[in-house]
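Note sheet for the following structure.
The values are calculated or read from the model by the stated rules, or taken from the named source; none is laboratory data. Remember, predicted model here, so these are calculated numbers, not experimental data. Please note: Cβ atoms are built from the backbone with ideal geometry, for glycine as well, and neighbour counts cover all protein chains shown.
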Amino acid sequence: MADRPAGTDIPVAAAESPAREAWRMFLRNRSAILGLVLLAAIVLVSLFGPPLYGVDPFKIQGAPFTPPGVDPNVPLGTDHVGRDILAGMIGGGRATLAVGASAALMTVAIGLLVGAMAGYYGGLVDEILMRITEFFQVLPSLILAMVLVALFTPSLYMIAIAIGVASWQSTARLARAEFLRLKELEYVKAGRTIGATDKRLIWVVILPNALPPLIVSATLIVGVAILFEAGLSFLGLGDPNIMSWGLMIGSSREYIFDSWWSATFPGAAIFLSVLSVSLIGDGLNDALNPKLRER
Amino acid sequence: MSVIRKSFAPTVVKAAIGAGLALSLAAGAAADTPKKGGTLVIGSPQTPRHLNPAVQSGVATGMPGSQIFATPLRFDENWNPQPYLAESWKVSADGLSVTLNLRKNAKFHDGKPVTSEDVAFSIDTIKKNHPFKTMFSPVAKVDTPDPHTAILRLSKPHPAILLAMSSSLCAIIPKHVYGDGKDAKRHPMNLKPVGSGPFRFVEYVKGQHIILERDPNFFLKGKPYLDKIIYKINKNSNSLALGLERGDIHLRAFNTKSRELGRLKKNKNLVVTAQGYAAIGPIAWLAFNLKNPILGKKAVRQAIAYAVDRKFINEALHSGLSKPALGPIAMGNPLADQNAKRYDLDLDKANKMLDEAGYPRKDGGTRFQVTLDTLLSQRDVAEYLKPQLKKVGIDVKLRIPPDFPTWANWVKSHEFDMTVDVVFNWGDPVIGVHRTYVTSNIRKGVIWSNTQSYSNPKVDALLEKAGVELDPAKRKQIYLEFQKIVTDELPVYWMYGLPYHTIYNKKVGNPPLTIWGTMGPMDNVYLK
């Protein structure tokens, strides 16, 4: 990405065509479309499914350990307490996706802030911020998130924050690299000469041009965050009061030998959501990468 | 009144069979002659802190501890005391002294004889260090007129004393080893214990295994039958179950996982039994913090009791393996009130009671919100209680602790609304029951004390009386009265006896099924 054609080095806001071009590129990518359709379906079911299906995922709907397809009342069976798996599948998506999205947002927010400052100002600021980033980089992120969640009472907010705090480092490095590169370009220098403030240069001039790789990485982080939430719940650190796919797997973990269905279905849902955001991320990467555009 | 051994018929018969034979432990196995030799492998999920039960309660230490250390008495499966280190004993008529006549051939594993000095030292150590303060607190001193006679002098009659001298509760530890002035709780020899039990210590690797071997000089001639006992430690219950199925593990105790037990029951090489836990008396209950203004009301607690379906827990959650617990004394204990108030499921009644208590349903159908904590092992019950109490308009917010210390911290600092808890009876109510209900045991910072902050002067008085009543019939009357009060006031709502099960390979002869089960000596156990 080092040397873009000069023509693209203008703020995105000023030109509409690159965005439209990216969208066109994206639409040409079949797997990306598949991911988009899949994610749209998951989001729609999560948003409108619960009121339509109308079963509280915590409610005991049948005998514990009812296998799928036995009781029409609970088509996907029940878990070890007798809760409806289908209700959990439909109701659990909201929390899982919300954690995924907010954790990704959190990650990008921290990463961008740290990366932008380090890249733009350089020198001592860069040194300090990068040492902090490296400090977090060497900590195993799942374990850091576990500690954070265990220190405070597990709740959905805490989980999102923990995932954010545990996984912002690569975004910071990416943002720093982009800022380092972009700040030396002529239009930024021009901006500085005419007296633009640092704030304006960072957020209005450089940021829009640094966004494409960050958007791609944020998309991929959504997938990682969903897996994190599932992982934390699997280890018993999920929010027990909000149904999520991770919680379903976590609370059925002990019964895996007795009821494959109570962990398999939410597991499949997690798999599909992560797959869909990854496909979208790849599609975005191709679409936003000017080098690939000519293909 | 005096209690002398061989006091009633069944005991006489058993004693007549003699020390050389199994004490009718398993009717089926009685036909076989015990075989000598072999290594018994016991699977256990818990890593004991150390192996000295004189200063540490609990199953993890108790199981191997009872093999390494002998106790003055032992109990059979019908709650009858049996001679062990003491070949006979006598409780004085006023209940203020207990004379133990020790065996003359008993030796510690280092070859030194077991004397009355060791008994006096052990009881003193237990009194000072063991968490169960009530066990020996009435023992003012222990007289040692000769090396083989120990006389316990009590400050008040103490009907629990015989039980307190059995199994893992009263390990006789050698004074010449543990009496060197070091802190007994942190004594280095707690990890290399020297006792006088049927098996002596070989090796303990934390989190891995404990190896014990037969003591050839054990004071009961011809015992134990086994050459070795290995406790294999594996946190994962599923792995232990696989070990049982493969035959690598001969025995696993304290298993409550109903699905796993259901699977193991089908295995033709294995026996699954709930026998062997009578004295431990594990009761799972829903504890209320009475300082909470809502839960402080008796009607609210009773309404919650009416809203919980014990039958669902027993039959659906535990696949029929657990039994309801109706009151504070485990149902297997002769002192339990079998006709206690039952609180059978009645949602209408629960709703009505909550309305009348001043908590009508608000717009969303919710009356109030409370938090519910749980021990990790009973998580499924907490998960059941959440939607179940929602039916009567109580919004339950679960708090699942990441680990045991977190949970214990919440509860012992009285920072909880409700919690699912499991508390053991430990044989006699004086040891394991009083602590939950007496006012004097409302002690912040102590887990399994009266963390509910329940206080009723009448209950205090009754338990005080029951603690010194020597006549079993009168004592039972007092306890019945006590149970009537607490099952009405419900400082906790008893849900079920924890479905502890022992699984053993059919190769195991004379499996440990006394009231202490695997926490009792296994000198009779053999491998076919």
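What the table below lists for this structure:
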read-out	value
Selection within the range B:397-427 - assigned to a loop (DSSP other than H, G, I, E, B), within 14 Å of chain A (Cβ to nearest Cβ) and either closer than 21 Å to residue B:168 by Cβ or modelled with pLDDT under 90 (or both)	B:400, B:401, B:402, B:403
Subset of the range B:428-461 [out of contact with any helix residue (DSSP H, G or I) (no Cβ under 6 Å at 6 or more places or on another chain), surrounded by 15 or more Cβ atoms within 10 Å (Cβ to Cβ) and not in a loop (DSSP other than H, G, I, E, B)]	B:429, B:430, B:431, B:432, B:436
Search result, residues across the range A:255-272 that are in contact (Cβ under 8 Å) with a residue 40 or more places away in the chain and either more than 11 Å from chain B (Cβ to nearest Cβ) or part of a helix (DSSP H, G or I) (or both)	A:255, A:261, A:262, A:265, A:266, A:269, A:270, A:272
Some residue of the range B:333-343 being under 23 Å from the mean Cα position of the chain (by Cα) and within 13 Å of chain A (Cβ to nearest Cβ)	no
Filtered residue count, the range B:485-509, keeping only those that are at pLDDT 90 or above, in a loop (DSSP other than H, G, I, E, B) and of a type outside the set (D, E, K, R)	3
Qualifying position, being in contact with an Asp or Glu (Cβ under 9 Å, 6 or more places away or on another chain), buried (at least 19 other Cβ atoms within 10 Å of the Cβ), in contact (Cβ under 8 Å) with a residue 12 or more places away in the chain and not aliphatic (A, V, I, L, M), among B:121, B:199	B:199
Those residues of the range B:333-358 which are small (Gly, Ala, Ser) and more than 19 Å from residue B:492 (Cα to Cα), in sequence order	B:358
All positions within the range B:337-363 that are surrounded by 14 or more Cβ atoms within 10 Å (Cβ to Cβ) and in a helix (DSSP H, G or I)	B:347, B:349, B:350, B:351, B:352, B:353, B:354, B:355
Any hit, the range B:189-202, residues being assigned to a loop (DSSP other than H, G, I, E, B), away from chain A (no Cβ under 14 Å), of a type in the set (Ser, Thr, Tyr) and within 27 Å of residue B:72 (Cβ to Cβ)	yes
Contacts under 9 angstrom Cβ, first residue in the range A:130-150 being closer than 13 Å to residue A:228 by Cα, partner among the aromatic types (Phe, Trp, Tyr) and buried (at least 17 other Cβ atoms within 10 Å of the Cβ), 6 or more apart	A:141/A:228; A:142/A:228; A:144/A:136; A:145/A:228
Matching residues, the range B:125-137, being farther than 16 Å from residue B:427 by Cβ and crowded, with 18+ Cβ neighbours inside 10 Å	B:125
Answer from B:230, B:211 - the residue that is over 24 Å from residue B:377 (Cβ atoms), touching a strand residue (DSSP E or B) at 6+ places or on another chain (Cβ under 8 Å) and free of Cβ contacts under 8 Å to residues at least 40 places away in the same chain	B:211
Condition check for residue A:4: at pLDDT below 85 and part of a helix (DSSP H, G or I)	no
Scope the range A:64-98; condition within 14 Å of residue A:259 (Cα to Cα) and in contact with a helix residue (DSSP H, G or I) (Cβ under 6 Å, 6 or more places away or on another chain); matching residues	A:64, A:68, A:76, A:77, A:79, A:80, A:81, A:85
Exclusive hit being free of Cβ contacts under 8 Å to residues at least 24 places away in the same chain and not in a strand (DSSP E or B), set B:133, B:104, B:128	B:133
Boolean, residue B:325 is among the hydrophobic types (A, V, I, L, M, F, W, C), away from chain A (no Cβ under 12 Å), under 20 Å from residue B:433 (Cα atoms) and buried (at least 22 other Cβ atoms within 10 Å of the Cβ)	yes
Subset of the range B:247-263 [acidic (Asp, Glu) and surrounded by fewer than 17 Cβ atoms within 10 Å (Cβ to Cβ)]	B:248
Selected residue [surrounded by fewer than 18 Cβ atoms within 10 Å (Cβ to Cβ), away from chain A (no Cβ under 14 Å) and out of contact with any Phe, Trp or Tyr (no Cβ under 8 Å at 6 or more places or on another chain)] from B:297, B:266, B:223, B:206	B:206
Filter result (away from chain A (no Cβ under 11 Å) and either buried (at least 17 other Cβ atoms within 10 Å of the Cβ) or aliphatic (A, V, I, L, M) (or both)) within the range B:233-244	B:233, B:234, B:240, B:243, B:244
Selected residue (criterion: nearest to the other protein chains (Cβ to nearest Cβ)) from residues of the range B:374-392 that are surrounded by fewer than 21 Cβ atoms within 10 Å (Cβ to Cβ) and assigned to a loop (DSSP other than H, G, I, E, B)	B:391
Residue B:411 being among the hydrophobic types (A, V, I, L, M, F, W, C), farther than 17 Å from residue B:373 by Cβ and out of contact with any Leu (no Cβ under 7 Å at 6 or more places or on another chain)	no
Out of B:98, B:91, sole residue that is in contact (Cβ under 8 Å) with a residue 60 or more places away in the chain and crowded, with 23+ Cβ neighbours inside 10 Å	B:98
Candidate set: the range A:67-88, residues that are β-branched (Val, Ile, Thr) and in contact (Cβ under 8 Å) with a residue 12 or more places away in the chain; chosen: the one nearest to the other protein chains (Cβ to nearest Cβ)	A:81
Search result, residues across the range B:241-260 that are in contact with a helix residue (DSSP H, G or I) (Cβ under 9 Å, 6 or more places away or on another chain) and part of a helix (DSSP H, G or I)	B:241, B:244, B:245, B:258, B:259, B:260
